[in-house]
1. Would you please give the FRET efficiency between ALA383 and THR349, computed as 1/(1 + (r/R0)^6) with r the Cβ-Cβ distance and R0 = 25 Å, to the nearest 0.05?
2. Quick one: if you stick a label point 7 Å off each Cα along the C-beta vector at GLU21 and ASP300, how many nm between them?
3. Out of residues 5 or more away from GLY203 or on other chains, whose amide H comes under 5 Å of its own, with H placed 1.01 Å from N in the peptide plane?
4. Rounded to whole Hz and in sequence order, give me ³J(HN,Hα) for segment 328-334 from the Karplus expression 6.51 cos²θ - 1.76 cosθ + 1.60, θ = phi - 60°, writing x for Gly and Pro.
5. Can you pull a Stokes-Einstein diffusion coefficient for segment 214-308 at 37 °C (0.692 mPa s), Rh from Kirkwood over Cα pairs, as a whole number of µm²/s?
6. For a footprinting-style exposure proxy, rank ARG128, ARG207 by other Cβ within 10 Å, fewest first.
7. Which ³J(HN,Hα) values, rounded to whole Hz and listed in residue order, are derived for segment 24-37 from phi using the Karplus coefficients 6.51, -1.76 and 1.60 in 6.51 cos²θ - 1.76 cosθ + 1.60 with θ = phi - 60°, glycine and proline given as x?
8. Hey, rough spin-label estimate for ARG14 and ALA69, points 7 angstrom out along Cα→Cβ, what's it come to in nanometres?
Amino acid sequence: MSETPMTGRARPDRTPHSLAEWRAEAGYEAVERALKLTPAQVLDRVDQANLNGRGGAGFPAAQKWKFMADPAEAPGTGPNYLIVNGDEMEPGAFKDRFLLEALPHQVIEGAIITAYATHATVAYVLIRDEYRPGIAAMKRAIAEAEAAGLLGRDILGSGFSLTMKVKPSAGRYIVGEETALIESLEGKRAVPRKRPPFPAQSGLFGRPTTVNNVETISLVPHILANGPQWFRALSRTEEGGTKLYAVSGRVNKPGLIEAPMGTTARELIERSGGLSGNGKLRCFQPGGGASGFLEEAELDLPLDFGHCKTAGSMFGTGTMIVLDQTACPIGVLARHQRFYARESCGWCTPCRDGLPWVARILDALEEGTAEPGDLEILRMTAAEAGPRGRSFCDLMGGAMAPLATGLARFGDLFEAHLDGGCPIRRGVL
């Protein structure tokens, strides 16, 4: 059994397998096993595996699936839906792109099993439009699976039917929020919905809907193929399985590493060829642009949802951004905040007005035109707008997390920017 189940069958050049090649490598055997069980038994296995969603929030997958009712028991008429979210827009994230391009049949396998467990008969794979090779690979794989009776009506004679379609997305960070994604799929502006009702009660077109990330879906076949205890044993912590870590920033070999959940930042940096720049760590963000900064003292922290939260950060998508001593965290924050300001749906005041304001102040700090009172504005905004519940969705809170930790950890560096701009760029520090 592979210790890198998600990526172990991937080819170095990302060329996707044909269906025949995939079947020769035990492809779709997990689907065959799953369809011999009841949906409740499949769900129970995923529950025992302790699979947390890999899309950012880390919500237990099986717990989310349990909210889905059998269509016969749901009010109204129509199917249950599964949405596989491949609209990867988090700064520094590129793991789902790899899975879509190199291993499309793995994604389909996971989607079939997930749909079966959640009583869904229609699945949409939402992929950002820039991922053209991934879109093409998924469309080819779906056509192959349909021709072989692995998708469509009465899959493998089980009585279960599933229609799967690829939907290119315009690409918006806010679509990472599942109700905004649903609005987008319905052809509307991508704005989060008020909850309740939750998608499992009223989602796409008012029907019960489950939304899972591409990586989450890609892990499901391996749980069915090898068992929940095997899956949990892959991890170094209580959170089951492996994780596809994306490492970027000041490392010599940026890239993807499939490693046990709970792998440390120190090990990931070593496996990425070590630090570039001057070779001295300043800080890192363990979960992408919306996660709080951690420093050298946290290099041996097990990177998973629970440990990162305890450390005052967020694991998110496991997208680690590394800064050495020649990189300025204020400059990184400025770029992140410009991104979040642009990607806000504009529905509520903290995001619509607050994020552009924060971005302008950070740009002014970098350029040397900021004033002392601007730092107090940043502190006030992080404190007042950052906590959950202060805005309509969590985009503002995610944007404020790195700002709050940056102010707390690098206060002197912020102050130094008031004297002529970035001291690192000027060679003062």
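1. 0.95
2. So the two model labels end up 4.3 nm from each other.
3. Under 5 Å from the amide H of GLY203 lie the amide H atoms of THR209, each far enough along the sequence or on another chain.
4. Per-residue couplings from phi come out as 9, x, 5, x, 4, 4, 4 Hz.
5. Working: Rh = 14.2 Å.
D, rounded to a whole number, is 232 µm²/s.
6. ARG207, ARG128
7. 5, 9, 6, x, 6, 5, 5, 5, 4, 5, 4, 6, 8, 9
8. That separation, rounded to one decimal, is 4.2 nm.
Values quoted throughout were computed directly from the atomic coordinates according to the rules given, and no laboratory measurement underlies them. Since the structure is predicted, the reported quantities are computational estimates derived from the model, not experimental observations. Cβ sites come from the backbone with ideal geometry, for glycine too, and all protein chains shown count toward neighbours.
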